[in-house]
1. Could you tell me what a quarter of the Cα convex hull surface of segment 215-325 works out to, in nm² with one decimal place?
2. Which value in nm describes the separation of the simple spin-label points at D132 and E314, placed 7 Å from the Cα toward the beta carbon?
3. With a point put 7 Å past each Cα toward its Cβ, work out how far D99 is from S523 in nm, to one decimal.
4. Give me the Kirkwood hydrodynamic radius of segment 566-631 in Å, from all C-alpha pairs, to one decimal place?
5. Relative contact order (percent) for segment 481-577, with alpha-carbon contacts under 8 angstrom and 6 or more residues of separation?
6. So what are the ³J(HN,Hα) numbers for segment 64-78, from phi and the Karplus equation (6.51, -1.76, 1.60; θ = phi - 60°), rounded to whole Hz, Gly and Pro as x?
7. Near the amide H of V11, under 5 Å away, which other amide H atoms are found, from residues 5 or more places off or on another chain, if H is placed in the peptide plane?
8. Between segment 415-455 and segment 318-339, how many Å separate their Cα centres?
Amino acid sequence: MSSADYPIRPVPFTAVRITGGFWQKRQLVNLTTTVPYAIKQCEDTGRLTNFDLAAETLRRRAAGDTTFQNKPLTIYPFDDSDVYKVIEGIAYALHVKPDPELEARLDGWIARIVAAQEPDGYLYTFRTMHPDSPVHEWIDEKRWIKDADLSHEIYNLGHLYEAGVAHYQATGKRILLDACLKSAELLWRDFGDRKLRVAPGHQVIEMGLAKLHRVTGDPRWIELAKIFLEARGPGGPTYSQQHLPVTQQTEAVGHAVRANYMYSGMADVAALTGDADYVSAIRQIWDNVAEKKLSLTGGVGPIQHGEAYGADYELPNACYNETCAAIALMMWNHRMFLFTGEARFLDVLERTAHNGFISGVSLSGDRFFYPNPLAYDGVAKNNHDQAGRAPWFGCACCPPNLMRTLASLTGWFYAVRDDSLYVSFYAPNEGEATVAGTKVRLTQATDYPWSGAVRLTVSPEEPAAFTLRLRIPGWSQGRPVPSDLYTYSDGTRCTWTARVAGETITPTLEHGHAVITRTWNPSDTVELDLPMPVHAVRGHPKIEAVRGRVAFERGPVVYAFEDADHHTNPEAIAVSAATKATVQPRPDLLDGVVTLVLDEADAPPSLQPVTLIPYATWNNRGLAPMAVWLKENTTAGHS
Ligand code: FUB
Ligand code: ZN
């Protein structure tokens with residue numbers, strides 16, 4: 001087990017249970033619908049059978065049938081990774097709630113995967129089932145050679161390692177973890193001496209190796225992650241972040257999922273090895289994203305061609321913003337927080353989580369968005385050739401990624417450093433952390449994100465002195481994002497308040513956290529009140545797509561106009577930033593949301609009242625035009 005790691009340690013997701021509200025609904029649908037649905041999709045589409053086909057080729061050839069080979073049932077050489085992500089998600093689900101039937105099903109899957117592994121540890125169904133010649137143009141005659149390009153051999157392994165570690169931690173069973181270690185030994189033999197230099201064309205192996213390192217304590221795995229990072233640049237494709245050595249990269253460029261996975265992997269390697277150069281590079285890149293490349297919804301990677309980050313301020317509304325890119329951005333931001341203790345990283349994470357991430361799955365849990373645009377015309381087949389939320393995709397990276405993230409998101413809620421306990425995320429939950437040697441039970445009662453009133457009960461086993469660090473979200477201090485990329489039109493800061501054991505306190509703010517140091521007694525309460533007015537938001541003048549437009553948000557939730565409410569295209573209306581907005585809870589709508597009703601005097605009577613819904617819930621009522629950024633009516637004289 002590794003002792004060097006992030007200075008701030010997250011309280012594991014297994015120690016925190018959501019007890020109600022926004023995330024409980026989503027997590028429940030994830031467990032009861034998305035998990036079985038994703039299992040069925042992996043089985044029905046042939047993703048799992050690909051492993052059987054690879055195993056069959058191995059068996060038949062070993063038995064002397066030297067020309068036998070199979071063809072894959074699916075399109076992409078990275079389809080193995082969907083199975084691994086689903087396993088990881090199921091493992092997280094099992095951790096939270098044991099389910100012998102599900103575990104047995106997983107055992108069956110894992111046996112099929114292990115049977116497809118070649119004797120030397122190589123695991124990649126598309127080559128193993130069809131070894132005499134490449135069965136796909138992305139694959140070379142030889143192993144690894146085209147990984148720098150598109151073979152995804154090493155990418156698949158990154159997801160395998162994440163799954164293997166999760167499965168081991170959830171069940172105590174070593175079978176998948178052992179397959180991972182056998183595969184990692186092969187990587188070590190092939191790459192460990194640096195003679196073969198391949199920069200993985202799609203990152204994620206770095207995070208997978210960091211997890212293998214943490215669980216085994218074997219220093220080779222983190223060394224390998226470093227070897228893969230150091231193989232990058234100069235002169236390679238920007239698309240896959242091979243244009244420069246990683247420590248010289250200063251801007252977020254290229255394919256957004258690849259990029260954000262790489263920045264997360266660099267953070268892990270830095271945490272585990274103390275390599276400060278990685279940290280200074282990803283800090284600069286993060287500044288570039290927060291200042292110039294982040295959608296209001298917390299999505300990134302707006303350019304469809306190359307699924308990529310754009311130029312500075314290139315933030316179109318009909319954007320791509322892949323769900324996986326949002327997930328990878330959250331991973332990266334969480335890691336930045338674990339390094340620094342700065343709440344601004346969590347502010348971005350929170351914005352993405354409540355908007356551009358959770359928009360990726362329908363309220364029913366079985367329909368998905370791959371891109372998450374901020375405007376839609378009601379007809380375009382922009383969701384990988386499908387209009388509206390889709391049942392699945394040929395390239396199905398997003399749904400299983402959503403599923404594993406939702407199953408484990410309580411891992412963001414709390415963190416500990418020495419005698420400090422960080423409260424990072426607000427949602428009804430019960431958790432347990434150890435701070436300065438004392439076990440502390442934590443309970444949050446709140447209706448966040450619909451209300452900013454949070455009642456936190458802090459219950460150490462016995463009276464104990466430690467520091468509570470409560471995140472005071474940027475939005476409650478008049479800053480929608482940690483930069484000037486978006487601003488509130490009224491420029492106001494709200495006055496948040498905190499009370500401890502019934503007494504009002506005025507804690508100091510450090511790195512965006514209210515710091516409360518005292519001797520805590522069992523059942524002490526902290527009441528945090530974060531007022532949640534509705535804000536009209538404007539974009540930086542350099543963002544062409546939002547010039548002359550305004551968006552609305554409340555707390556961490558971004559709102560959208562959807563034609564399903566009005567039967568009018570959002571482009572037909574204009575609203576004033578000064579319009580009075582009424583906050584209207586609608587338990588009957590979209591599984592229970594809070595809507596904003598704009599008292600927009602200049603809208604035609606047929607449009608009154610103008611209702612806005614939380615962006616993440618759009619397209620749950622059929623196809624209809626939608627927009628986050630509405631034309632601004634600057635002539636109306638509203639109060
Ligand atoms: O290349 C594997 C996955 O497919 C990427 O992460 C997604 O962006 C999609 O291209
Ligand atoms: Zn994806």
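Only the coordinates and a few stated rules stand behind these numbers; no lab work does. What you are looking at is a predicted structure, and each value in this text was computed from that prediction instead of being measured. For neighbour counting, all protein chains shown are included, and Cβ atoms are generated from backbone atoms with ideal geometry for every residue, glycine included.
1. Values: hull surface 28.7 nm².
Result: 7.2 nm².
2. Going from the D132 label point to the E314 one covers 4.6 nm.
3. Distance between label points: 3.6 nm.
4. Values: mean 1/r = 0.0795 Å⁻¹.
Computed over Cα pairs of segment 566-631, the Kirkwood hydrodynamic radius comes out at 12.6 Å.
5. Numbers: 111 pairs, mean separation 24.8, N = 97.
26 percent.
6. In residue order, the calculated couplings are x, 7, 6, 10, 5, 8, 10, 10, x, 8, 10, 8, 10, x, 9 Hz.
7. Those qualifying (amide H under 5 Å, at least 5 residues apart or on another chain) are Y414, A415, V416.
8. Segment 415-455 and segment 318-339 have Cα centres separated by 23 Å.
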